[in-house]
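Below is one structure; the comments refer to it alone.
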Amino acid sequence: TPELLQEAKRIEFPDKVISELSGKSMEEIKKMREENGIVAAYKMVDTCAAEFAAATPYYYSVFGSENEAVCTNDRKKVLVIGSGPIRIGQGIEFDFCSVHCTWAFAKEGYETIIINNNPETVSTDFDIADKLYFEPLTPEDVENIVRLEKPDGAVVQFGGQTAIKLTQALMELGVPILGTSAENVDAAEDRELFDHILEECGIPRPKGDTVYTAEEAKAVANRLGYPVLVRP
């Protein structure tokens, strides 16, 4: 029911989870939300703990509340997708790149918007970008921000794998991908396709193979010879 859906979104159930629990498709859940006005609003973080008035453009999403994010249209906007939590294969170097990317666009006169969800990185300092959305890096959460801000372009190449995985979702929303195109990102990501490109260009590289099971990995490693580098 709309009432149950409203409550589920109020306590931050993602559409994907609601879809799995209800047996309805994500498209049906999304349509039901839109028909009943169940949309994300954004509240401003009070960085001064109510000690004195603060107007920091640092937002988090809620459902069933008043929107405090002011949509501006006086400058071109660029959306920079962050890298999320630091973990194996996703290091601080991505955050460094995202910050310098944001500064570069700011110098060119763009309004800069960062989406990231790691409070321990420089990109989530409230004074790095014109606006910061502290949100999960998922298609649903990014879509909510895109529909509100209507950016002129997005940068995904500095956010590591987390940001790159959002490329298709952004393209489906009509957001131009700035920098490396989605096609070239896919060519670099798909190891078999990339190896084929290197072969066509006659570029030497270490021998390798793609495997899908532990047994295949052992067989290929024995064939290639040790030491071997394994990448997920």
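Is it the case that some residue within the stretch 178-187 is hydrophobic (A, V, I, L, M, F, W, C), assigned to a loop (DSSP other than H, G, I, E, B) and at pLDDT 90 or above? Yes: the stretch 178-187 contains one or more residues that are hydrophobic (A, V, I, L, M, F, W, C), assigned to a loop (DSSP other than H, G, I, E, B) and at pLDDT 90 or above.
Identify the single condition in (1) farther than 19 Å from residue 150 by Cα; (2) modelled with pLDDT under 80 that residue 27 does not satisfy, given that it satisfies every other one. Of everything listed in (1) farther than 19 Å from residue 150 by Cα; (2) modelled with pLDDT under 80, residue 27 misses just condition (2).
Identify, please: which residue in the stretch 158-167 is touching a helix residue (DSSP H, G or I) at 6+ places or on another chain (Cβ under 7 Å) and not aliphatic (A, V, I, L, M) and is, among those, surrounded by the fewest Cβ atoms within 10 Å (Cβ to Cβ)? Applying the filter and picking the extreme gives 167. Scan the stretch 72-86 and give yes if some residue there is over 19 Å from residue 154 (Cα atoms) and in the same structural domain as residue 169 (by TED's automatic domain parsing), otherwise no. Checking the stretch 72-86: at least one residue is over 19 Å from residue 154 (Cα atoms) and in the same structural domain as residue 169 (by TED's automatic domain parsing). Exactly one residue out of 123, 98, 61, 83 is small (Gly, Ala, Ser) and either more than 22 Å from residue 164 (Cα to Cα) or loosely packed, with under 15 Cβ neighbours inside 10 Å (or both): that is 61. For the stretch 90-118, a residue qualifies if it is over 24 Å from residue 140 (Cβ atoms) and assigned to a loop (DSSP other than H, G, I, E, B), and the qualifying residues are 91, 108, 109, 110. Is it fair to say residue 43 is assigned to a strand (DSSP E or B) and without any contact (Cβ under 8 Å) to a residue 40 or more places away in the chain? Yes; evaluated as a whole, the condition is true for this residue. Counting only residues that are assigned to a helix (DSSP H, G or I), surrounded by 16 or more Cβ atoms within 10 Å (Cβ to Cβ) and touching a residue at least 40 places away in the same chain (Cβ under 8 Å), the stretch 7-25 holds 2 of them.
The values are calculated or read from the model by the stated rules, or taken from the named source; none is laboratory data. Predicted model, so just to flag it, every value in this text is computed and none were measured. In this analysis, Cβ positions are derived from the backbone assuming ideal geometry, glycine residues included, and neighbour counts consider all displayed protein chains.
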